[in-house]
Amino acid sequence: MHVKIRFLGHSAFLLEAGEARVMIDPFLTGNPKAEEAGLKADDFDPTHIVLTHGHADHLGDTPALAKRTGCEVIAPFEICEWLGSEHGHEHTNPGNPGGHVGTSFGGVTFTHAIHSSSYEGRYMGCPTGVVVSIGGKTIYHAGDTSLFADMRRIGENHMPHVAILPVGDRFTMGPKDAKTAAEWIGAKITIPCHYGTWPLLTDDLSAFTPDGVEVRKLKAGETLEI
Ligand code: NI
Ligand code: MN
């Protein structure tokens with residue numbers, strides 16, 4: 001089955017295969033790249049939301065989308081607890097790094113990420129990356145993270161078709177370390193994200209040149225089909 005990977009700006013993606021419409025880190029309201037491209041949360045109708053961590057630029061429009069659509073939210077445990085207690089959204093599917101969560105479209109494995117995770121001062125559990133199995137394809141979205149040696153293992157264990165990597169520096173790895181990450185993971189295609197959204201994040205990807213990996217730099221709103 002073909003899988004459509006649509007970039008929604010910053011770290012937000014929509015994966016579509018068959019009946020499944022899976023949003024990852026759906027931050028649209030207040031996302032300058034999404035707004036430039038005319039992408040609005042109200043225009044999306046996800047069946048599932050997958051969250052890597054609780055920072056506002058990832059959690060984003062999750063409460064409003066979950067309320068409107070009733071979609072399943074697959075996220076670190078503490079975020080699922082918060083959605084239940086603060087937003088009355090009980091349709092959640094929690095996990096933590098190392099754990100696999102089965103879903104109607106396939107599944108999500110949470111990986112390690114070196115970062116932090118909080119929302120309005122509240123602890124939101126471990127930051128994670130996610131390996132998403134959908135439509136017979138495997139996509140690794142690393143979340144926000146530095147480079148770490150176990151990325152090699154993630155590549156070997158899951159053999160992702162596509163790696164989505166943060167490259168903007170300062171809060172995550174920068175282009176040079178992300179080049180190493182892409183080479184270690186070994187996916188044939190890599191999509192950079194989390195860069196240039198604001199002046200604090202670099203927009204210069206000239207050092208992001210992984211050997212043997214095709215870099216697909218998508219504009220907000222663009223789709224890659226695999
Ligand atoms: Ni973050
Ligand atoms: Mn972030």
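Just so it is clear, none of the values below were taken in a lab; they were calculated from the coordinates. Everything numeric in this text was worked out from a predicted model, so none of it was measured. All Cβ positions, even for glycine, are placed from backbone atoms using ideal geometry, and neighbour counts span all protein chains on display.
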Of the criteria (1) farther than 15 Å from A187 by Cβ; (2) within 13 Å of ligand 2 (Cβ to nearest atom); (3) touching a residue at least 40 places away in the same chain (Cβ under 8 Å), which one H141 fails: (1)
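Which residue is nearest to the chain's Cα centre (by Cα), if the candidates are limited to the range 175-209 and must be β-branched (V, I, T) and surrounded by fewer than 19 Cβ atoms within 10 Å (Cβ to Cβ)?
Our first condition is that a residue be β-branched (V, I, T); within the range 175-209, this holds for 180, 185, 189-191, 197, 202, 209.
Next, from what is left, pick out any that are surrounded by fewer than 19 Cβ atoms within 10 Å (Cβ to Cβ): 180, 189, 202, 209.
On the way: T180: 19, I189: 15, T202: 19, T209: 21 Å.
Residue satisfying both the conditions and the ranking: I189.
Restricting to the range 23-76, name every residue that is β-branched (V, I, T) and surrounded by fewer than 21 Cβ atoms within 10 Å (Cβ to Cβ). Working first, answer last.
Initial filter on the range 23-76 (β-branched (V, I, T)): 24, 29, 47, 49-50, 52, 62, 69, 73-74.
Listed by number, the residues that qualify are T29, T47, T69.
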All positions within the range 29-46 that are within 16 Å of ligand 1 (Cβ to nearest atom) and either without any contact (Cβ under 8 Å) to a residue 60 or more places away in the chain or touching a Leu at 6+ places or on another chain (Cβ under 6 Å) (or both): G30
Index of the failed condition, V108 passing every other in (1) under 12 Å from L51 (Cα atoms); (2) within 16 Å of ligand 2 (Cβ to nearest atom): (2)
Cross-chain or 6+ apart pairs with Cβ under 8 Å, the range 208-226 first and free of Cβ contacts under 8 Å to residues at least 60 places away in the same chain, then among the aromatic types (F, W, Y): V215/F208
